[in-house]
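Below you'll find the structure, written out as structure tokens, and then a few comments.
The values are calculated or read from the model by the stated rules, or taken from the named source; none is laboratory data. Just so you know, these numbers come straight off a predicted model, no measurement behind them. Virtual Cβ from ideal backbone geometry, glycine too; neighbours counted across all protein chains shown.
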Amino acid sequence: MVDHDNSLSVLGRRAYLKGASVAALGGLAGCTGGGDGGSGGGDGTEGGEGSSYDKVFATAETLENDYWSAFAEGYGTAADAWGLEHDIQANDADTSNMLSQFDSAVRGGADSVVGTASDDSGVPSLADAAGGEGVPFVEMWAMGKWYTPLDAGEHFVQYNIPEPVRTGGLTARILFEAMGGEGNFVHVTGMQGTVGANGRNMGVEEAMKDYPDVERLGDPLPGDWNRQKSRESMQSFVSRFGDEIDGVYAQNDTEAQGVLTVCQEHDLNVPIVGYDGTQETAKEIQNQPEDGSRIVATFTAHPAWQAGWAIAKTYDWHNGWRPDTPERMMFTGGSLVVNDPSKWKDTLDHDRFVKPQTYLDSVFGSGDPPYDWKKMSVVESGEDAFDPQNKLVPIRKSDFFQLLWTEENKPNGYSLPDEYDDSDAFDEVEQTYADRWSDPYA
């Protein structure tokens with residue numbers, strides 16, 4: 001295991017600036033519950049007494065689409081529920097920009113950082129910066145190669161992501177079914193160098209094995225998560241393949257929207273799938289024509305939930321709770337937004353489907369997101385009563401391929417922490433979360 005600045009033994013200079021209330025956390029790990037400080041840490045403090053948590057900072061790749069707008073809404077609503085000041089900034093996929101924003105946020109009083117780093121390689125930089133300042137950090141989506149929260153230190157509270165390979169394969173399977181199980185598709189990829197994009201690429205490859213009569217035309221072209229780049233790539237596909245195209249796999253909804261406009265301009269009447277669950281895409285799914293260019297499905301990780309869950313966990317951390325090793329890297333649940341959920345429940349190995357209108361009302365309606373933020377907290381609700389309100393499953397060694405960790409790309413001299421060999425501990429945490437969560441969209 002790599003020692004990143006001995007973060008386990010260093011609280012960080014910011015903690016000392018918080019005065020006696022932070023000092024009351026004592027030796028940090030000594031305040032925790034059973035094991036290495038997991039859910040048993042619910043006894044740390046009660047009702048937030050003694051908490052030094054006043055302000056949270058969030059970082060995101062962009063704030064220019066519905067996905068991150070929904071994240072920002074959940075982030076603000078959850079922070080308000082905890083009485084926290086909050087700030088969110090776009091890092092524009094630039095690590096230097098991200099670290100500069102973080103430094104400014106901490107100097108401005110931020111007590112935690114949540115969100116997604118600039119890219120996979122930016123995660124260790126942000127984790128080390130958080131550790132140096134003694135503030136807890138929750139990361140989603142991006143993740144460094146062979147880099148675990150245990151390597152970073154206890155300030156790296158949790159990494160979470162929907163299963164990138166499996167969920168990427170789910171939308172591919174819906175596309176192939178919409179194509180009638182045969183024909184040709186083109187593939188617009190996401191931002192390369194991220195777990196989400198590369199994992200979805202692998203999911204497409206896995207799905208293709210089950211559909212021998214489906215072929216991909218040409219090599220995938222980049223969309224980089226944005227509409228204009230996706231339009232350019234789709235224009236290239238149309239110029240090259242024209243009417244040979246029977247479907248389009250886009251790796252997020254912004255890309256799907258860009259692809260859709262090109263298909264409409266060229267009267268290319270094909271199904272398209274996306275990923276993220278933006279408002280615009282859900283409406284396109286709901287109103288899709290019988291024929292013609294159409295978006296038929298998207299997967300959503302419920303961004304408002306992601307934000308609120310991260311705040312709940314950093315709140316717990318500030319109140320003495322420490323997660324067990326299996327809780328520190330977890331796959332999260334999500335929903336497939338489709339017009340006919342009953343059709344897909346018998347076809348796909350997935351547990352959550354939602355109609356577009358139900359999804360739009362719940363996520364983009366006039367009310368707040370449908371979550372009880374404080375029920376997510378072990379400290380507030382107790383070890384036996386907290387409710388994540390989403391599926392969470394520990395990421396095991398056998399799952400590392402979904403993070404694109406292979407023996408070939410393991411750094412020389414790196415040794416995985418021994419805790420990842422304790423299958424009983426992973427089984428226990430998986431069962432606890434399975435027992436605890438309820439579905440607010442059910």
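Side notes on the structure shown:
- Of all residues in the range 102-155, those that are part of a helix (DSSP H, G or I) and touching a residue at least 12 places away in the same chain (Cβ under 8 Å) total 20.
- One residue stands out in the range 208-229 among those that are under 22 Å from the mean Cα position of the chain (by Cα) and closer than 23 Å to Asp267 by Cα: the one that is surrounded by the most Cβ atoms within 10 Å (Cβ to Cβ), namely Gly223.
- Matching residues in the range 170-186 - criterion: being assigned to a strand (DSSP E or B), touching a helix residue (DSSP H, G or I) at 6+ places or on another chain (Cβ under 6 Å) and surrounded by 21 or more Cβ atoms within 10 Å (Cβ to Cβ): Val186
- Extreme residue, farthest from the chain's Cα centre (by Cα), among residues of the range 230-254 that are of a type in the set (A, V, I, L, M, F, W, C) and part of a helix (DSSP H, G or I): Phe241
- Every condition in (1) over 23 Å from His318 (Cα atoms); (2) at pLDDT below 95; (3) aliphatic (A, V, I, L, M) is met by Ala90 except one, and the failing one is (2).
- Scope the range 191-207; condition at pLDDT 95 or above and buried (at least 19 other Cβ atoms within 10 Å of the Cβ); matching residues: Arg200, Asn201, Gly203, Val204, Ala207
- Lone qualifier among Ala58, Ala90, Ala70 - being out of contact with any strand residue (DSSP E or B) (no Cβ under 7 Å at 6 or more places or on another chain), assigned by TED's automatic domain parsing to the domain that holds Ser366 and among the hydrophobic types (A, V, I, L, M, F, W, C): Ala70
- Qualifying residues in the range 87-101 (those that are in a strand (DSSP E or B) and not hydrophobic (A, V, I, L, M, F, W, C)) - the one nearest to Ser52 (Cα to Cα): Asp87
- All positions within the range 334-388 that are of a type in the set (S, T, N, Q), assigned to a loop (DSSP other than H, G, I, E, B) and touching a Phe, Trp or Tyr at 6+ places or on another chain (Cβ under 7 Å): Ser377
- Condition check for Gly367: surrounded by fewer than 13 Cβ atoms within 10 Å (Cβ to Cβ) and closer than 21 Å to Gly153 by Cα: no
- Checked across the range 288-299, the condition of being under 16 Å from the mean Cα position of the chain (by Cα) and within 17 Å of Pro356 (Cβ to Cβ) holds for at least one residue.
- Output for the range 284-297, where each listed residue is buried (at least 16 other Cβ atoms within 10 Å of the Cβ) and of a type in the set (Gly, Ala, Ser): Ser293, Ala297
- Enumeration of residues in the range 261-283 that are buried (at least 24 other Cβ atoms within 10 Å of the Cβ), part of a helix (DSSP H, G or I) and in contact with an Asp or Glu (Cβ under 7 Å, 6 or more places away or on another chain): Thr281
- Selected residue (criterion: surrounded by the fewest Cβ atoms within 10 Å (Cβ to Cβ)) from residues of the range 398-437 that are within 19 Å of the chain's Cα centre (by Cα) and within 25 Å of Asn198 (Cα to Cα): Phe401
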